Amino acid sequence: MDFNEIVCYSQTIILILLLIGALLNFRKDLSSTKEKVKSKCPSCGYNIIGSDVQYCAKCGDLLSQSDGLGLDK
């Protein structure tokens, strides 16, 4: 087996492995749909999207000192 053949085969195997990894990652992204949590700022009433927000984007008020908004359903 010639060196050029070995390089060609190894590049083909690497491309196949990268393709498999990309397909698995794409499937994972499709299956995990994240819900957006919406709430309002207690100070200004601005709509806040996300559960890990610490400060209001409009007025800068501190929303929570722990893990984001205290969302009670």
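Please treat every number below as a calculation from the coordinates, not as lab data. Just so we're clear, the structure is a prediction, and the values are computed from it rather than from any experiment. Please note: Cβ atoms are built from the backbone with ideal geometry, for glycine as well, and neighbour counts cover all protein chains shown.
Summarising the label geometry, the points placed 7 Å from Cα in the beta-carbon direction at L19 and C44 lie 5.1 nm from one another.
Here's how it looks for Y55: its modeled amide H is under 5 Å from those of L63, which are all 5 or more places away or on a different chain. For Y46, the residues whose modelled amide H falls within less than 5 Å of its own, excluding neighbours fewer than 5 places apart on the same chain, are C41.
Available extension along the chain between Y9 and L63 is 13.8 nm, counting 0.36 nm per residue and deducting the alpha carbon span.
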